[in-house]
Amino acid sequence: MANDVKPTRKNLMAIEDRIELSERGHGTLEKKRDGLIMEFMDILDKAQDVRGDLAQDYEDAQKKINMARAMEGDVAVRGAASALQEHPEITTESKNIMGVVVPQIESSRVSKSLDQRGYGIMGTSARIDEAAEAYEDLLESIILAAEVETAMKKMLREIETTKRRVNALEFKLLPELYENQEYIEQKLEEQEREETFRLKKIKEKKEAEEKAEREAERAAEEEAALEDAQPETAAQSPAANQ
């Protein structure tokens, strides 16, 4: 990929800007990933507790409904169940955890008093009341488990997405940018050395030409001086013969 990049200072500056931006993004994503993992671990601990409570509530509800059927009969139990007038209401809201929107489930009319269950108090036994209460507790545990499990799944998906982005920056994009940066810097250094060498040669050539010109001028001056001296010597020769 480095060979596809033109080694210009403009491209070098652009790559340096991308490196700076990518390094900041990498650091931010690492912090987000670590924060998400910490939040996920907290939710996971809560989910484990919720699962344990849900299993226990389910076991208790099964025991009590079986006891009520054994003591009162299926007809009485079904009759008490069909007498329910007010059904539970579920509302969902959302909350933000480290940029992840997770559901927040609110429930109402789940736990009821004896007179709110619809069946006659005098016509039923404590076994049916205990079974009804146990299933109300079980329903609340199911609602809480649904909220926690959904939040945990969303957090896990976001963690995986963030990890992929961190790895893409760390192991692909940034190494490619560093490689391009090194390639351009090497090419620019080569061009600078070549330019320096070329300027040096030009300077040496110019200095040689100037030296040659000076020597030529000096030679011309010396030749002119000799020519000027010859007539004077010739003029002095007759006087010397007399």
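The values are calculated or read from the model by the stated rules, or taken from the named source; none is laboratory data. Note that the structure is a prediction, hence the values are computed from the model and not measured. Glycine also receives a Cβ, built like all others from the backbone with ideal geometry; neighbour counts cover every protein chain displayed. For the accessible areas, the whole protein counts, side chains as well, though only heavy atoms, and no ligand, DNA or RNA atoms are used. Shrake-Rupley method; radii C 1.70, N 1.55, O 1.52, S 1.80 Å.
Considering only ILE184, ALA61, ALA224, the residue lying farthest towards the positive end of the dipole of the chain is ALA61, judged by Cα position with unit charges set on Cβ.
Computed over the alpha-carbon atoms, the stretch 27-80 gives an Rg to Rh ratio of 1.48, Rh here being the Kirkwood radius from the mean inverse distance.
Counting only heavy atoms of the protein chains and using a 1.4 Å probe, HIS87 has close to 110 Å² of accessible surface. Per residue, the chain exposes 71 Å² of solvent-accessible protein surface, assessed with a 1.4 angstrom probe and all protein chains in place. Charging the Cβ of each Asp and Glu at -1 and of each Lys and Arg at +1, and nothing else, the dipole of the stretch 19-97 about its Cα centre rounds to 160 debye. Taking 32 Å as the limit for the C-alpha separation, the pairs LYS172/LYS200; LYS10/LYS203; LYS63/LYS112 exceed it in the case of LYS172/LYS200. Once every Cα of the chain carries one equal point scatterer and solvent is ignored, give the base-10 log of I(q)/I(0) from the Debye formula at q = 0.07, 0.15 Å⁻¹, two decimals. Once normalised to I(0) and log-transformed, intensities are -0.59, -1.08. Full extension of the segment from GLU215 to LEU156, taken as 0.36 nm per residue of separation minus the current Cα-Cα distance, would add 12.7 nm.
P(r) tail for the stretch 9-107, what percent of Cα pairs lie past 23 Å? Display every interim value, and only then the final one.
Numbers: 3018 of 4851 pairs.
So the pairs more than 23 Å apart make up 62 percent of the total in the stretch 9-107.
Using a 1.4 Å probe over the heavy atoms of the protein chains, calculate the carbon and sulfur portion of the accessible area of the chain as a whole percent. Before the final figure, lay out each step's value.
Values: 8850 of 17150 Å².
Of the solvent-accessible surface of the chain, carbon and sulfur hold 52 percent.
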